[in-house]
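Before any comments, here is the structure.
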Amino acid sequence: MSMYNEKVIAAFMNPKNVGAMENPDGVGEVGNATCGDVMKIYLRVKDERIEDIRFETFGCAAAIATSSMATEMVKGRTIEEALKLTNRDVANALGGLPPEKIHCSLLAEEGIRAAVEDYRRRSQGLPSLPPRHEAVCHHDLAGSEEPRGD
Amino acid sequence: MPLRMVYMDHSATTFVDQAVLEKMLPFFSEKYGNPNSVHAWGREVRSSVEEARMNVARLVNAEPREILFTGGGSEADNLAIKGVAENLGEKGRHLVTTAIEHHAVLDTFKWLGKHGYDVTILPVDGDGLVDLDEFRNALRPDTILASVMYANNEVGTIQPIHEMGSICREKGVLFHTDAVQAAGHIPIDLKELPVDLLTMAAHKMYGPKGVGALYVRKGVRIAPLVHGGGQEFGLRSGTENTAGLVGFGAAAELAMKRIASGEIEEERRLRDLLIDGLLLRIEDSSLTGHRTLRLPFHASFCIRYIEGEAMLLRLDFAGIGASSGSACTSGSLEPSYVLLAMGLDHATAHGSLRLTLGKDTSEEDIAYILETLPPIVQTLRAMSPFKKNS
Ligand SMILES: Cc1ncc(COP(=O)(O)O)c(C=O)c1O
Ligand SMILES: [Zn+2]
């Protein structure tokens, strides 16, 4: 199993902004159950500012920890600021992630973007986009395999 | 600190029994002789090594001459498979195995597949069982070896080894079984079982790591992997890991007693408490592997809507050591190939959880797990986008 630092563990054990949101202004769902991580982000936006944000994540500790950290980092920020957030920023804020877990952390960045896109479509009266389950599996970014336990 | 520390990963490895350790220790100090030396120092160690061989042979009702020691289960698997392929390569180039073998077997066959051999990998059903008709039909006139694991490490399913061995006999095909998970835990009688080669490892039966054995039935010839001084009947050269071999012998002796005394039945009872209790307490969970044709210490599940690594980490914080075949535990992005071969979909396979009992596991330990796991599952499910009715 991966070795996580204390910040990651803390975010995983006590994640912030967990759960669905009633009547969100935008929803983004990214990832792929085949790959093992799926993230759903809900936004409440007021005057182009993220007033509230929630997540639901199916995934490993890294996926849950980055969901928590990423949502904390964009909460209260403008949409424009939120779109600048990268998975590297999130990983840094968590004090680093094991290399084989970088692919799990990409979802947070993508999830926020997908939710913002959905919000934009809704504000233009367009229908919501379906979940992006085809989203890249990031297999190429995965670390090398660790030795197996037995 | 957690309330309790409960190690539930005995399929990965067991602790070394205190009595085993005590038998090993002198071979690191005063009994340092080389068992191949003719003097007193050597002779004393030789007799201990041969006693160990006898104990390992007894565990599976074989002759001592049929047991050769290796540096672990993986090496014994490699030796059996490559040793037969090399020796009988003139006679035929076809090999048969299954999709759920340990990598020590599967990757060895895949390697042979790249080196001029033709390998058939048989599928398994939803319980992890190989179909006997499919097995029979896979054996061709040019088949030289079939290898099917005795019991699976991830899902605990025990294969119909006797029947498969008989089919191989009928067809004149050598039969190897990887019994790393089974040996020392269920009775194995090689006088009665039609198996030609069988792999064991000491560290799955309260012995040391890095020590294994290959049973090679009298009259069956294989080529060595390691050439040199001709130790282990010329099949595994190198000065013996004397402390390790003695430890394996001691562990085999204890395992035989455990099997004879019915201690295994108690383990099975606790396993069933765990299986029934967990399935009752956690909705949308299922057992993986066969319900009854399964290792007495093995419980494995899929817990829907959540991912295995997250579960393992939270269990770890609660003092419970478990394992999972989820992608995120291996860093490979693919969940367990064993679960996929059994027909599970990816999302379900990511939620796999394996709890394997040991001889010190108590009813209180099981109660602690049954109390600790449901709230963990509940918390993770509350975070998951895949809930029921959503
Ligand atoms: C079924 C099976 N075969 C082979 C092995 C490899 O044994 P070792 O780790 O001793 O090389 C293991 C476990 O490690 C196993 O569970
Ligand atoms: Zn992950």
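The values are calculated or read from the model by the stated rules, or taken from the named source; none is laboratory data. Just so you know, these numbers come straight off a predicted model, no measurement behind them. In this analysis, Cβ positions are derived from the backbone assuming ideal geometry, glycine residues included, and neighbour counts consider all displayed protein chains. Heavy atoms of the whole protein, side chains included, go into the accessibility calculation; ligands, DNA and RNA do not. Shrake-Rupley method; radii C 1.70, N 1.55, O 1.52, S 1.80 Å.
Summary of values
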quantity	calculated
Computed [θ] at 222 nm, deg cm²/dmol, chain A (DSSP H ≥ 4; -39,500 (n - 2.57); rounded to nearest 500)	-11500 deg cm²/dmol
Test item: Cα-centred dipole of region B:239-338, Lys/Arg +1 and Asp/Glu -1 on Cβ, debye	200
The protein assembly as shown, accessible area per residue, ligands and nucleic acids excluded (1.4 Å, Å²)	40
Cα-based convex hull, region B:1-90, per residue volume (Å³, whole number)	171
23 Å Cα-Cα reach of B:K31 towards lysines, excluding residues that sit fewer than 8 places from it in its own chain	B:K23, B:K209
Candidate lysines - alpha carbon under 17 Å from A:K101, same-chain residues fewer than 8 apart omitted	A:K7
Ratio of Rg to Rh over the protein assembly as shown (Cα coordinates, Kirkwood Rh, two decimals)	1.05
For chain B, Cys with no neighbouring Cys Cβ under 4.7 Å	B:C168, B:C302
C-alpha center-to-center spacing [region B:144-205, region A:83-118] in angstrom	47
Sorted largest first, extent of chain B alpha carbons per principal axis (Å)	71, 53, 36
Pairwise label distance in nanometres, B:K191 with B:D131, each label 7 Å out on the Cα-Cβ vector	3.7
Out-of-range pairs (alpha-carbon distance over 28 Å; input B:K218/B:K359; A:K16/A:K46; B:K91/B:K204; B:K91/B:K218)	B:K218/B:K359; B:K91/B:K204
In nm, spacing of pseudo-spin labels at B:K218 and A:E81 (7 Å Cα→C-beta vector)	8.3
Anchor B:K387: aspartates and glutamates whose Cα lies under 17 Å away (excluding residues fewer than 8 positions away in-chain)	A:E22, A:E29, A:D37, A:E56, B:E283, B:D284, B:E307, B:D345
Kirkwood hydrodynamic radius of chain A, from inverse mean 1/r over distinct Cα pairs, in Å	15.4
Using θ = phi - 60° and Karplus 6.51 cos²θ - 1.76 cosθ + 1.60, couplings along region B:280-295 (whole Hz; Gly, Pro as x)	6, 7, 10, 5, 6, 10, 9, 7, 9, x, 6, 5, 10, 7, 9, 4
Net charge contributed by nearby residues that have their C-beta within less than 13 Å of A:E22 (K/R +1, D/E -1)	0
Point-charge dipole on Cβ atoms (K/R +1, D/E -1) for region A:6-139, about Cα centre, debye to 20	100
Residue mean of other protein chain beta carbons inside 10 Å, B:316-328	3
Highest to lowest packing among B:90-100, B:190-200, scored as the average C-beta count within 10 Å	B:190-200, B:90-100
Label-point gap, in nm, between A:A20 and A:D47 - each point 7 angstrom along Cα→Cβ	3.1
Net charge dipole size for the protein assembly as shown [Lys, Arg +1 and Asp, Glu -1 on Cβ; Debye, nearest 20]	340
Neighbourhood net charge (15 Å Cβ-Cβ; Lys/Arg +1, Asp/Glu -1) for A:S123	-1
Paramagnetic reach from A:A10 in region A:49-89 [backbone N under 19 Å; point 7 Å along Cα→Cβ]	A:61-75, A:89
B:D316/B:F15 FRET efficiency (R0 25 Å; Cβ-Cβ; nearest 0.05)	0.90
Whole-number percent relative contact order across chain B, with pairs defined as alpha carbons under 8 Å at least 6 apart	22
Burial of 50 Å² or greater, region A:47-63 residues [accessible area, probe 1.4 Å, versus chain by itself]	A:E56, A:F58
